[in-house]
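Here, each number is a calculation from the coordinates, and none is a lab measurement. What you are looking at is a predicted structure, and each value in this text was computed from that prediction instead of being measured. Quick reminder, even Gly has a Cβ in these numbers, built from the backbone with ideal geometry, and neighbours come from all protein chains shown.
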Amino acid sequence: MVVRILVGLALLGAALLGGLALYLPRLVEGEEMRARLQDAARDATGRDVSWSELRVGLLPPRLVVSGPSMAGASPESPPFAEAGSVALELALMPLLARAVVVDSLVVEGATLRLRRTEDGIELPRPPEKERKPRPPGERREPQEEKDEGFALAVRSFDLKDARVLLEDVTVTPPVIWDLSGLEGRVHATDLDSPLEFAAEGRLGSGGDLRVAGSFTLAGALEAALRLDGVETGAARPYLASDWKLAGPLTGDLRLRRDDGRVQDVKAKLVLEGGELALDELALAGRIALEANLSQPGPGGPFTIDATQATLDYGRAFSKPAGQAATATGRVVPLEGGGYDVEDVRVELQNLDAQGSVRTAPRFRAALSAPAFELAGWDASLVALRGYQPAGRLGLDGLVLETEPLSLKGALVLDDVSLTPPGSPAYVLRGALEGRGGSVATRDLVLVAAGQPIGLAGSLDLAGEQFFQAHAIGKGLDLGALARAYAGKDFIEGPLNLDAKLAGDLGGDGRLAQRLAGKLAFDVGRGRLHGVSLLKQSLAAIGAVAETALVANRLRGSDRLARLESDEFESISGSVDVKSGRAHTKDLRLVYRDYTVDLRGSMGLEDRSLDMTGEITLLKEAADETRVKVIPLTRVTGSVDSPRVDISPQALASLGAREEFYRKREDISREIDERLGEGSGKTVTDVLEGILKK
């Protein structure tokens, strides 16, 4: 009897299933059901939904939709979403427990079009329903608990050959992110376990993406992202106007998120043949980054390696590819926002520096480094190019702050040598010390041609970088300085120097044109090799001086010969420096028998002279030449090769003719005694003819 009942029930169930199998497709595929489903979809999304075919099955329960499409935001917009087909298969047994479990959901050939605005990503929304106002005084009855209905869960979701288009209009110009060839799968081993996922696709801008991980509906996420040649230039509109980013990015990025915030970020990325520019910092080539950041913050250690990249900082620094350039440190987030970077270590060429960086509320960078060799740094530091740097430089607790610019700490100079083009080396010993808005010298000595000159001064870091310097030298070997920096052995003697100069390093044109200040100097006993202003002056005077010289030689006197000597007793004066020239009103050269007083200017770069003055002969020499003062109309040429001009008016003022006629007979008689009778008249006749011209 029981068997008959069971067989009967089985036959009845089979009949019912068979009836459902025959009737259900007709019901679902009917126009009435289509209209009801489309109305329900419109109520849920606010968009029209259509499909070309809808098929259902019972064993197992399944639904297949061909050509589904959801309309865009406006009639002119392309579909928000569309696909070749969507296949959904339900688990049968959970339905008995009022749970809908999707065993599998497969979407093929789908395209999803998204748009991001300032309000976020635009998604379909159900239309707002009008709420009827409650009549005054009407009591609101408490709502009964609603039946929770069916629970819904998805065990696996497969995406095949899909495409996602995201138009981001929050940047200018707008960016369209295109991810195509998307293959992915999301699945769960059971309803209580996290969902595992994996996907891969190609970016329209270049490069491939692969991602795998797990997530929970509560918001926990673990993901591993692999980038392969992802072109970063597409992100350019997201950067500041003066920032640049380009080149293919390859590497791995791992992320863990929980409690509504990111917990861990691990990155190992390489920008190959890329370009990165942040303000004045520019890198091009291979740039590698490793980071391990975690909460709180996130923060943690990082490493940047730009050894195989070129690195430029404004017009001040330029590193070629292949030269060491790495930075390591630890990111520390601040409570009020911003980050500190602690345990910073920078290796650049042969520099190995340690320090820290703070970004808020004011940028602050601290750096220290033991002394390192400067040789070769002219290839990187633009200011040193052509100067063949040598010696050692140390960073002693340098602290740089911005807004406003401030520098503290010191640069320690250990026989730092600089050799300008066409000049011997300068050597610096001592330190340059930051004092907030300026840099000042500390025990600084400049050694030039082996001669030590004490330097004291400061440089204003703001604006035009105005500097002022005070140089003092005692007993300097002027001959050594001249040979080294003028390239000629034209002067010698002990030099005492006291110079106060100022200028701006940030101006245009040559520094010599921007210098200003005062200089006082004196030179002890020495020589101006082969230069005698008196000899040139006598030659310019002509006949009178030559007559005196001839007469003295005939007498066997050597007194006037001393006047041709290039040896001096002293040189002294003061100078005002401006507009590229040194101006003087009191330059005096003291010789044994005469003095030379000059006024005018000298070029700082070419040493050209433009002066006037006079030569004053002392009593003995004046008696010999019959001339006391020789006016110099103009002294030109250069310091090492001066030229003297005397005007005809100056010659007339010497009283040359009167002196000649007064002494004519004495001169003629002395010449007769030496050269024979009649010789004196011949010579004096010639001289008279010259003076009459």
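If you sort the three axes of the alpha carbon gyration tensor as a ≥ b ≥ c, you get a/c of 1.5 or more for segment 362-462 and a/b above b/c, which makes it prolate. At full extension, D39 and S318 could sit 93.8 nm farther apart than now, given 0.36 nm per residue minus the alpha carbon distance.
Which net charge results for the neighbourhood of E290, defined as the other residues with beta-carbon distances under 13 angstrom from its beta-carbon, given Lys and Arg at +1 and Asp and Glu at -1? Around E290, the surrounding residues sum to +2. Using a cut-off of 14 Å between beta-carbons, work out the net charge of the residues near F302 (Lys and Arg +1, Asp and Glu -1, F302 not included). Net local charge, F302 excluded: -2.
Each listed q (0.20 Å⁻¹) maps to a log10 I(q)/I(0) for segment 233-325, found by the Debye formula over equal Cα scatterers with no solvent: -1.04.
In this structure, the amide hydrogen of G580, modeled 1.01 Å from its nitrogen in the peptide plane, lies closer than 5 angstrom to those of L515, counting only residues at least 5 positions away or on a different chain.
Put simply, the amide H of G637, placed in the peptide plane, has neighbours under 5 Å in L609, R643, leaving out anything fewer than 5 places away on its chain. Between E280 and E76, the modelled label-to-label distance comes to 4.8 nm, taking each label 7 Å out from Cα in the direction of the beta carbon.
For segment 103-111, the Karplus equation 6.51 cos²θ - 1.76 cosθ + 1.60, evaluated at θ = phi - 60°, returns couplings of 5, 8, 10, 10, 10, 10, x, 8, 10 Hz by residue, with Gly and Pro reported as x. Between R210 and T117, how high is the FRET efficiency from 1/(1 + (r/R0)^6) when r is the Cβ-Cβ distance and R₀ = 30 Å? Nearest 0.05. Calculated transfer efficiency: 0.55. Modelled label positions at A440 and R643, each set 7 Å beyond Cα in the direction of Cβ, lie 4.9 nm from each other. Computed 3J(HN,Hα) for segment 589-594, one whole-Hz value per residue from the Karplus formula 6.51 cos²θ - 1.76 cosθ + 1.60 where θ = phi - 60°, is 10, 9, 10, 4, 10, 6, glycine and proline marked x.
Local charge for G201 was computed over the other residues whose Cβ lies under 12 Å away, with Lys and Arg +1 and Asp and Glu -1, and equals -1. Take the Cα of D259, step 7 Å toward its Cβ, do the same at R62, and the gap between the two points is 4.6 nm.
Which residues in segment 59-82 place their backbone N less than 19 Å from a point set 7 Å from the Cα of A91 along the Cα-to-Cβ direction? Counting backbone N atoms under 19 Å from the label point, the list is 59-63. Give the shape of segment 204-271 as rounded, prolate or oblate, defined through the alpha-carbon gyration tensor: a ≥ b ≥ c are the square roots of its eigenvalues, a/c under 1.5 means rounded, and otherwise the shape is prolate if a/b is larger than b/c and oblate if not. The shape class here is prolate. If a/c stays under 1.5 just call it rounded; otherwise compare a/b with b/c (prolate if a/b is bigger, oblate if not). Do that for segment 147-303, with a ≥ b ≥ c from the square roots of the Cα gyration tensor eigenvalues. Prolate is the answer for segment 147-303, as a/c is 1.5 or above and a/b outweighs b/c.
For segment 300-335, the set of chymotrypsin sites (Phe, Trp or Tyr not before Pro) satisfying both a DSSP loop assignment and a count of at most 15 other C-beta atoms within 10 Å is empty.
Counting neighbouring Cβ atoms within 10 Å and putting the fewest first, the residues V102, V445 line up as V445, V102.
Once backbone amide H atoms are built at 1.01 Å from N, S438 has L407, L461 as its partners under 5 Å, excluding neighbours fewer than 5 places away on the same chain. With contacts taken as Cα pairs under 8 Å and at least 6 residues apart, segment 362-462 reaches a relative contact order of 20 percent. Remark: segment 157-168, residue by residue, has Karplus-estimated 3J(HN,Hα) of 9, 10, 10, 10, 6, 9, 9, 10, 10, 10, 9, 9 Hz, where x stands for each Gly or Pro and the curve is 6.51 cos²θ - 1.76 cosθ + 1.60 at θ = phi - 60°.
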